[in-house]
Amino acid sequence: MSTTLEEQRPIAVPAAAEPVLRLAGIRRVFVQGTARLEVLAGIDLDLPKGTTAALVGPSGAGKSTLLHIAGLLERPSAGEVTIEGAACSRLSDRERTRLRRERIGFVYQFHHLLPDFTAHENVVLPQLLAGRGKVEARRRAQDLLARMGLAERLRHRPGRLSGGEQQRVAIARALANAPGLILADEPTGNLDPHTADEVFAVLLEVVRGTGTAALVATHNPELAARMDVTYRLADGKLARVQAA
């Protein structure tokens, strides 16, 4: 099978001091008719390896939009997204998809697990899509789920798991391809306070244990306070929140 030059072109390898995520001058403008809404008005952010950062702000401030841009799901109106040293503005859609699949893990408010597959299979599948062998993918999925406290639930489909267990599977799936960056959008927003606390603790433990950088949007100030740094998004601007 022939390989295109685009597929052969390597993505840049970062220097050791390069942040996992860098946002520089990110703007996002939505235009409808004569109306113009600037949701993001020049966002700058560096997220080093091993750093957990909370993203807070009022509903509608653009937190999900910022996460989508950081995760290469959406292109900014202006500015540059750099993932582990790779500037993304000039990457093709195929290159962006590959970088997203291999180096970014996503966790959402709703787990979005495949209902007809077991917990184990839900964590194996993204690895197979990334080209990992079946034996290695199965072993890694088992190890990740065991680390999530789900060693006895590997063969259960999502419908037989509690909400907290489903979200733990979703976290394991996000970590399946050993990404450098985890992006989470209200990952505990659909859980009761006790379960949310347990799931969030697991997320932080695993992220810090693997040296992954994480940017987590949350409305919960107690959860945000447990992270290394908090940023507030309001009126299109991002500001670091100083600890009390």
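The values are calculated or read from the model by the stated rules, or taken from the named source; none is laboratory data. Because the structure is a prediction, the values reported are computed rather than measured. Virtual Cβ from ideal backbone geometry, glycine too; neighbours counted across all protein chains shown. Side chains are part of the model used for accessible areas, which takes the heavy atoms of the whole protein and leaves out ligands, DNA and RNA. Shrake-Rupley method; radii C 1.70, N 1.55, O 1.52, S 1.80 Å.
Just a few scattered comments:
Yes or no, residue by residue, for (1) within 19 Å of T212 (Cα to Cα); (2) of a type in the set (S, T, N, Q); (3) modelled with pLDDT of 95 or more; (4) not in a helix (DSSP H, G or I):
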position	(1), (2), (3), (4)
A17	yes, no, no, yes
V39	no, no, no, yes
D44	no, no, yes, yes
S64	no, yes, no, no
E74	no, no, no, yes
F110	no, no, no, yes
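- Region 19-37, subset assigned to a strand (DSSP E or B) and in contact with a Lys or Arg (Cβ under 8 Å, 6 or more places away or on another chain), residue surrounded by the most Cβ atoms within 10 Å (Cβ to Cβ): V29
- Any chance L144 is touching a Lys or Arg at 6+ places or on another chain (Cβ under 9 Å), in a helix (DSSP H, G or I) and either open to solvent by 50 Å² or more (accessible area, probe 1.4 Å) or of a type in the set (D, E) (or both): no
- Any pair with Cβ under 7 angstrom, 6 or more apart, that starts in region 36-48 at a residue that is on the phi < 0 side of the Ramachandran plot and ends at one that is part of a strand (DSSP E or B) and of a type in the set (K, R): E38/R27; V39/R28; L40/R27; L40/R28; A41/R27; A41/K237; D46/R22
- Candidate set from region 117-141 (those that are outside any helix (DSSP H, G or I) and small (G, A, S)); member that is surrounded by the most Cβ atoms within 10 Å (Cβ to Cβ): A130
- Yes/no for H219 being of a type outside the set (A, V, I, L, M), surrounded by fewer than 21 Cβ atoms within 10 Å (Cβ to Cβ) and not in a helix (DSSP H, G or I): yes
- Lone qualifier among G60, G79 - being surrounded by fewer than 19 Cβ atoms within 10 Å (Cβ to Cβ) and free of Cβ contacts under 8 Å to residues at least 12 places away in the same chain: G60
- Filter result for the condition that a residue is of a type in the set (K, R) and in a strand (DSSP E or B), over R208, R232: R232
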